[in-house]
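A.B. asks: What follows is a structure written as C-alpha cells; I'll ask about it next.
The values are calculated or read from the model by the stated rules, or taken from the named source; none is laboratory data. Note that the structure is predicted; figures quoted are calculated from it, not measured. So basically every Cβ, Gly included, is an ideal-geometry build from the backbone, and we count neighbours across all protein chains shown. Side chains are part of the model used for accessible areas, which takes the heavy atoms of the whole protein and leaves out ligands, DNA and RNA. Shrake-Rupley method; radii C 1.70, N 1.55, O 1.52, S 1.80 Å.
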Amino acid sequence: MSVTNLDPDIAARLKRNPDGLLPAIVQQHDTGEVLMLAWMDDEALHRTLTTREGTYWSRSRGEYWVKGATSGHTQRVVSVALDCDGDTLLVRVDQTGAACHTGDHTCFDAGRLL
C-alpha cells in the first residue's frame, strides 16, 4: 500500500482493521442490489473519490485494482458513504457487465443459504 492523498478530514473518520483496510459494500445505485464486497485502504478510497472508478486493494495480490480494467465490466461510482461506526464503506455504482470475477452479475449469485 502506498502513501495517500486522501483528504485528512475523511481519513480521520475512518476506523481501519489492523491491515489498514475497510470493507466496501458495492451496491447498484438504482436498484439497491448488492453486487460485491471489496477492500479499500486510504489510497484506494482517494482514487475512487477522484476518478469515480471503483478502485480497491487486492489482499491476495497485494496491489490496487480498478474494477473492469481488464474485463471491461466497469463501475462508475455514483456515491460513497461511511457507516455510523466509521468502519464500513457503501459504494453505490452504475455497474456495466458482471460484478463478480466468476462472470456472475453479482457475487451473491452463488446460492442462498436460507
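A.B. asks: State all residues of the range 93-110 that are assigned to a loop (DSSP other than H, G, I, E, B), open to solvent by less than 80 Å² (accessible area, probe 1.4 Å) and touching a residue at least 12 places away in the same chain (Cβ under 8 Å); if no residue qualifies, say none.
C.D. replies: Those that are assigned to a loop (DSSP other than H, G, I, E, B), open to solvent by less than 80 Å² (accessible area, probe 1.4 Å) and touching a residue at least 12 places away in the same chain (Cβ under 8 Å): Thr96, Gly97, Ala98, Ala99, Cys100, Thr106, Cys107.
A.B. asks: So which pairs qualify, if the first residue must be in the range 2-29 and within 18 Å of Arg52 (Cα to Cα), the second must be part of a loop (DSSP other than H, G, I, E, B) and among the small types (Gly, Ala, Ser), the Cβ gap must be under 8 Å, and the two must be at least 6 apart or on different chains?
C.D. replies: Partner pairs satisfying both residue conditions: Val26/Gly54; Val26/Ala99.
A.B. asks: Return the residues of the range 90-114 that are touching an Asp or Glu at 6+ places or on another chain (Cβ under 9 Å) and farther than 15 Å from Gly32 by Cα; say none if nothing qualifies.
C.D. replies: Ala98, Cys100, Thr102, Ala110
A.B. asks: Here's another thing I want to ask about it. Suppose we filter Leu90, Leu113 for residues that are open to solvent by 30 Å² or more (accessible area, probe 1.4 Å), of a type outside the set (Asp, Glu) and under 11 Å from the mean Cα position of the chain (by Cα); which single one remains?
C.D. replies: Leu90
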